[in-house]
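Some notes on the structure that comes next.
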Amino acid sequence: MEIKYELKDKSQRRTEPLKPNEPLPFGVLRTDHMFIMDYEDGQWKNARIVPYGDIPIAPGATTLHYGQAIFEGVKAFQHDDGEIYTFRLDKNAQRMNRSADILCIPNIPEEIQIEAVHALIDIDRLWFPHQEGASLYIRPFIFATQDSLGVHPSSSYKFMVILSPSGPYYPAGFTKPIKLLITEKFHRAAPGGTGSSKAAGNYAASLKAGEFAKEFGASQVLYLDTTNIYIEEAGAMNHFHITREGDVVIPEFVDSVLRSITSESIIELADTLNINVTQKRVKIKEFIEAVKNKNITEAGGLGTAAVISPVGEYVFEDATSITVGNGEVGEVTKKIYEYYTGIQTGKVEAPKGWLQKVERRK
């Protein structure tokens, strides 16, 4: 893929790394540039890196009216050798295309997605944050641009990538477990819909539930399936729990659940970590009872942004609650987190192909 470069003048670009004491909220900062590629006349073309800024869009663009938009979330890390490495970017590219299929969006070859991300990181590598728990958060996304009010797939799209130097997703970090609200009021997705895609509309539908959860001191809702029998997701994350025997249980990837790359990675690491990981449908009533009688000793969420979010307490709408284990981060959860983040940061040897070095081009 040929990429055109329309860069900021060097006098306007960052010339030194972010300072260790600079404020670093998750997802707020932007680097100097962004990647754009257009889909027109049946093909992806005009790949370019340009200064970060607003983009023109028609008021009648399909994405604004019918939500034809998808995105991904990826992280890159700087290792002790001073180089930046993306983590499992190929898996994100594969998932982007699965989402595209569900929303009738043209696929982008995985190698082109990867090249776009690496080229952009190379230009803005001085934006990498040198702080504990920090990363370069990568947001690739595709949205429909055809100016049409008819309900049909768009004939034109934009693929873009932006970068956000970020600290931990939860300001308190990994060591402070969160609370989740158990409720039957909200459902993240329904069978046969877009639940297994990373569609923008899925996240719009979750906002009301998130605000409701805050009324009970919870970070998010523990989503159940539409029958209110089975556990599906923990807010925007896959859910997991750990039994008294140390077994890790992740709810089955049905078509109303998004496959977390973090979940898939932990399943692949099971033998290395010497843990037993199983997937099955988890009934909420049985889960609650097992937490109460301490047959479940640890629980949490799995996702790219937070990696692992331990859950210390589940609350209910009647103001009662149940505590997981002793309410603290459990030993198995800690073991998984430390090994997984060790791979990301280069402290632990990665399985082949999990890390890709961002080569220096410009």
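In a simple Cβ point-charge model (Lys, Arg +1; Asp, Glu -1; nothing else charged), the range 178-345 has a dipole of about 180 debye relative to its Cα centre. Max-minus-min Cα coordinates of the range 4-167 on each principal axis give 50, 33, 27 Å, with the largest extent listed first. Proximity of backbone amide H atoms, modeled 1.01 Å from N, is registered between LEU18 and PHE128, HIS130 at under 5 Å, excluding neighbours fewer than 5 places apart on the same chain.
With the highest mean first, a sort of the peptides 348-359, 73-84 on other beta-carbon atoms found within 10 angstrom per residue produces 73-84, 348-359. When the listed pairs LYS91/LYS357; LYS285/LYS334; LYS75/LYS198; LYS75/LYS347; LYS176/LYS335 are checked against a 18 Å cut-off, the alpha-carbon distance exceeds it for LYS285/LYS334. Using θ = phi - 60° in the Karplus curve 6.51 cos²θ - 1.76 cosθ + 1.60, the 3J(HN,Hα) couplings for the range 6-20 round to 10, 9, 4, 4, 4, 5, 9, 9, 4, 10, 8, x, 4, 6, x Hz; x is entered for Gly and Pro. Size of the dipole of the range 1-73 about the Cα centre, Lys and Arg at +1 and Asp and Glu at -1 on the beta carbon, nothing else charged, in debye to 20? Result for the range 1-73 is approximately 280 debye, rounded to the nearest 20. Given +1 at the Cβ of Lys and Arg, -1 at the Cβ of Asp and Glu and no other charges, the dipole of the chain around its Cα centre is 380 debye to the nearest 20. Annotation for LYS334 and LYS352: the two label points, set 7 Å from Cα along the Cα-Cβ direction, are 3.5 nm apart. Working note: Debye formula, equal point scatterers on the alpha-carbon atoms of the range 111-230, no solvent; log10 I(q)/I(0) at q = 0.15, 0.19, 0.23, 0.24 Å⁻¹ is -1.02, -1.16, -1.22, -1.26. Here, the chain is characterised by an Rg to Rh ratio of 0.97, where Rg is the alpha-carbon radius of gyration and Rh the Kirkwood radius. Length, then width, then depth: along the principal axes, the Cα atoms of the range 199-309 run 39, 31, 25 Å.
One decimal place: the segment LYS214-HIS152 gains 18.6 nm when fully extended, by the rule 0.36 nm per residue minus the C-alpha distance.
The helix-only estimate of mean residue ellipticity at 222 nm for the chain, built from DSSP H runs of length n ≥ 4 each weighted as -39500 (n - 2.57), is -6500 deg cm²/dmol after division by the residue total. If you run the Gaussian network model on the chain, springs between alpha carbon atoms under 10 Å, then out of LYS334, LYS285, LYS179 the most flexible one is LYS285. Descending by average beta-carbon neighbour count within 10 Å, the peptides 139-145, 261-267 line up as 139-145, 261-267, the highest first. Per-residue 3J(HN,Hα) values for the range 222-232, derived from phi via the Karplus relation 6.51 cos²θ - 1.76 cosθ + 1.60 with θ = phi - 60°, read 8, 6, 9, 6, 5, 8, 6, 9, 10, 6, 10 Hz in sequence order (x marks Gly and Pro).
Rule-based calculations on the coordinates, nothing more; no lab input. In this text the structure is predicted, and so the values were computed from the model without any measurement. Please note: Cβ atoms are built from the backbone with ideal geometry, for glycine as well, and neighbour counts cover all protein chains shown.
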